[in-house]
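The values are calculated or read from the model by the stated rules, or taken from the named source; none is laboratory data. Here the structure is a predicted model, which means the values were calculated and not measured. For neighbour counting, all protein chains shown are included, and Cβ atoms are generated from backbone atoms with ideal geometry for every residue, glycine included.
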Amino acid sequence: MRDVCVVGVGLVDFGELWEKPLRRIWTEAALAALEDAGVDTVDLVTIGCMSSGLFTGQEHLASLCVDELGIAGVPAARVESACASGGLAVRTGFAEIASGLSEVVLVTGVEKMTDVDGAEATFALGTAADQEWEGFHGITFPGLYAMLARAHMARYGTTREQLAKVAVKNHANGLLNPHAQYHLKVTVETVLGSTLVADPLRLLDCSPITDGAAALVLASDDWAKAHAKGRPVVKITGSGMATDSISLAQRDDLSELKAVRLAGERAYQMAGRAPKDLHVVEVHDCFTIAEIMATEALGLFEPGGGGPAVERGLTAIGGRVPVNTSGGLKAKGHPVGATGVAQVAEIVSQLRGEAGQRQVQGARFGLAQNMGGSGGSSIVHILEVV
Amino acid sequence: MRVGIVGYGAFIPRRRIQLEEIAKVWGADAPAYRKGLQLNEKSVPGPDEDTVTMSVEAARHALARSGGIDPKDIGAVYVGSESHPYAVKPSGTIVAEAIGATPELHVADLEFACKAGTEGMFLSQALVKAGEVKYALGIGADTSQGAPGDALEYSAAAGAAAFLFGADEEKLIAEVLHTYSWTTDTPDFWRREYMHYPRHGSRFTGEPAYFRHTKSSATGIMEKAGMKPSDFAFAIFHQPNGKFPMRVGLDLGFTKAQLETGWLSPWLGNTYSGASPIGLTAVLDVAKPGELVLLTSFGSGAGSDSFVFRVSDRVSEVQGLAPKTRPQLDENKIYLSYGQYAKLRGKIRMAE
């Protein structure tokens, strides 16, 4: 297996991009990454996108997008694993280069979610749940994560305030990220006073509806070193992926995200690293409880230790292991298919020392964890600066 | 020739429903709505009140302030509304007949979501200015519909305002100094034929629709007039809820004091075609000669009309000649339960 590096990153500013169609948002991110890498041809394009069909009525996305970019003819594939579609696009590009099939791959993720109203968006997102066991009975994602939160609170004593502190931290980080959808300061009181969505989760525990795209250029180690031009070379040293029952009803334990644990273990093993080695981490905080559970499943903290950790500031910038320096899904926004790619882009920026005001000093090892649905799939990447 | 308002009047129904009364039916978060939309209660039309009857009331109040204009001299009547009682058959003919303006006149019903009222005002002043008619009556009136449980149900209200335009120097209450309109095709809110309730693009109704159009329109007219916010004594913006008009006004550099007099929506709700025009009547009720007034409407779809008025000496003579707007809003209220409200708004399916 060949070593694989990230040689370019590109993001659009996340938000309600009403003036731009899906293909334009995607193309802007793709061009930014290609320019960052200094390349104009690639061997393959991967696109992570959860549901362009339900959000915009458009499928056959890979051909549509590469044509808009002006490179029709190139091999291109759209991949889907619900909200982990972006992570899957990264892993697909990684595998292509590691196997020797491709030399340079444009990895992208995109979602255009604001062309439909709230009810239609909720339905589209709900297709990531198990329709027969969950969706048909009326539950939506806030309800599923509320059940996970209840289970976690019951087992470990995780508190309502600890959940709020995840939102407070991530919004504080979002203030430092120019690409973030929200630039607003949030306090524990504002979280606890926001509209109740699904008890115990409130509005400010939930990630938003977002339009956005993110892109990376991956290349072989040889190519990356030959084209580094003095910039730090960031290598993907571990890629782990795992699945779990989509429906919560089929799981043994609701206080743990098993797919995240398994994907993490596989990534750590490939990279030859341990949780204690990490300097900066992006996790899939679609709801505040998800960040707490993901940090535990990744071994950053003991089971039940995620809540106290955020309360003690261990996951803040300047803490023991900063989590979601980008603002996370909570503040940066959650264009579902783009999220997994944007997470890796944040880690690359941190490892390159290009993260501006939110830079974690001396960061050399980072991890990005992407998740589908309520944990039915998860993809973890470990990156290192060489 | 100076053209302006020579008579004005408003009508607000007595019935009200409070935000909490609606919210409790739907299990909604009333404090969040109260804070987020800055709405407390809204007007509701009674069993014998509709767009036509409210238009007639407002028109009669306008005539009462006109200094004895003969209704037969009114050459045009325009009723702007998105809740005309008939899909086919004009409201304006009933109004014109009721005030004694028929038969020698031009009548039309107008529709442009929430800005049909200022359209009638624009056409009226333009026809007078062109010398086509002696007087013209522009009315904005609505008994707006919000689907049960929808966010619009907390705001969709009822009311009317009427403005007589003319060019008699001695009758001028407020002269029209400038007009300006800003229009694009922006589908933020709509109701198709045979649909009972309108649909809206939720958050899309904010920045790309309301704020972009009202800001462009208000900025445009001030540039055209060579004026700035501090030149005005009052500014009135379309008020779909309590929050939007105050925010756009403050964003443009107006002060709360300039905005508050015509800011009725926190206690009136959104009277659609009547909204900013009723706000103007509340301003004229207290305005002093020489003061400048900015009026900026908004209609989904989308467009915004702006007017700059200069209040004339006659204003103080006419303010007391018909019911003022604030007392209609603040006094003699009848509070409804949701059940009574549902009955009056035709939301209960009856035996066929």
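Among the residues making up segment A:211-260, those that are closer than 24 Å to A:Gly93 by Cβ, among the basic types (Lys, Arg) and not in a helix (DSSP H, G or I) are A:Lys229, A:Arg231, A:Lys235.
Within segment B:115-149, being farther than 17 Å from B:Met195 by Cβ and part of a strand (DSSP E or B) holds for B:Tyr135, B:Ala136, B:Leu137, B:Gly138, B:Ile139, B:Gly140, B:Ala141.
Restricting attention to segment A:113-134, the residues that are under 12 Å from A:Phe55 (Cβ atoms), within 13 Å of chain B (Cβ to nearest Cβ) and in contact (Cβ under 8 Å) with a residue 12 or more places away in the chain add up to 7. Candidates A:Val336, A:Val310, A:Val341, A:Val323: the one that is more than 11 Å from the chain's Cα centre (by Cα), surrounded by 24 or more Cβ atoms within 10 Å (Cβ to Cβ) and either under 22 Å from A:Gly373 (Cα atoms) or not assigned by TED's automatic domain parsing to the domain that holds A:Cys286 (or both) is A:Val323.
All of (1) within 24 Å of the chain's Cα centre (by Cα); (2) among the charged types (D, E, K, R); (3) away from chain B (no Cβ under 14 Å) hold for A:Arg202 with one exception: (3). Does A:Gly109 fit the bill of being under 24 Å from A:Ala290 (Cβ atoms), free of Cβ contacts under 8 Å to residues at least 24 places away in the same chain, of a type outside the set (S, T, N, Q) and away from chain B (no Cβ under 14 Å)? Answer is no for this residue.
Residues of segment B:206-219 that are within 11 Å of chain A (Cβ to nearest Cβ) and buried (at least 20 other Cβ atoms within 10 Å of the Cβ): B:Ala209 alone. Counting only helices (runs of 4 or more DSSP H) wholly contained in segment B:1-108, the ones carrying 3 or more residues that are closer than 26 Å to B:Ala342 by Cβ and modelled with pLDDT of 95 or more occupy B:19-26, B:51-64.
Yes/no per residue for (1) closer than 26 Å to A:Pro308 by Cβ; (2) surrounded by fewer than 16 Cβ atoms within 10 Å (Cβ to Cβ); (3) acidic (Asp, Glu); (4) in contact with a Gly (Cβ under 9 Å, 6 or more places away or on another chain):
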residue: A:Glu134; (1), (2), (3), (4): no, no, yes, yes
residue: A:Ala146; (1), (2), (3), (4): yes, no, no, no
residue: A:Thr159; (1), (2), (3), (4): yes, yes, no, yes
residue: A:Leu163; (1), (2), (3), (4): yes, no, no, yes
residue: A:Lys169; (1), (2), (3), (4): yes, no, no, yes
residue: A:Asn173; (1), (2), (3), (4): yes, no, no, yes
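Of the residues screened, B:Val107 is not one that is touching a residue at least 12 places away in the same chain (Cβ under 8 Å), within 15 Å of the chain's Cα centre (by Cα) and over 24 Å from B:Phe244 (Cβ atoms). When segment B:175-201 is filtered for residues that are more than 16 Å from B:Ser144 (Cβ to Cβ), within 14 Å of another protein chain (Cβ to nearest Cβ) and touching a helix residue (DSSP H, G or I) at 6+ places or on another chain (Cβ under 6 Å), only B:Thr186 remains. The set of residues in segment B:292-308 that are farther than 19 Å from B:Glu111 by Cα and of a type in the set (Val, Ile, Thr) comprises B:Val293, B:Val308. Hey, does segment B:142-154 have a residue that's at pLDDT 95 or above, surrounded by 18 or more Cβ atoms within 10 Å (Cβ to Cβ), small (Gly, Ala, Ser) and under 30 Å from B:Gly4 (Cβ atoms)? Taking every residue of segment B:142-154 in turn, none turns out to be at pLDDT 95 or above, surrounded by 18 or more Cβ atoms within 10 Å (Cβ to Cβ), small (Gly, Ala, Ser) and under 30 Å from B:Gly4 (Cβ atoms). The selection criterion, being over 18 Å from B:Gly301 (Cβ atoms) and under 17 Å from the mean Cα position of the chain (by Cα), holds for B:Ala160. For segment A:70-80, the count of residues that are touching a residue at least 40 places away in the same chain (Cβ under 8 Å) and of a type outside the set (D, E, K, R) is zero.
Applying the condition of being modelled with pLDDT under 95 and within 14 Å of another protein chain (Cβ to nearest Cβ) to segment A:1-43 and asking which residue is nearest to the chain's Cα centre (by Cα) yields A:Trp18. For segment B:29-51, the candidate set comprises residues that are over 13 Å from B:Ala157 (Cβ atoms), in contact (Cβ under 8 Å) with a residue 40 or more places away in the chain and within 13 Å of chain A (Cβ to nearest Cβ); within that set, the residue that is surrounded by the fewest Cβ atoms within 10 Å (Cβ to Cβ) is B:Gly36.
Would you check which residues across segment B:131-188 are closer than 28 Å to B:Gly75 by Cβ, outside the structural domain of B:Tyr272 (by TED's automatic domain parsing) and of a type in the set (Phe, Trp, Tyr) and list them? Once the filter is applied, which keeps residues that are closer than 28 Å to B:Gly75 by Cβ, outside the structural domain of B:Tyr272 (by TED's automatic domain parsing) and of a type in the set (Phe, Trp, Tyr), segment B:131-188 yields B:Tyr135, B:Phe163, B:Phe165.
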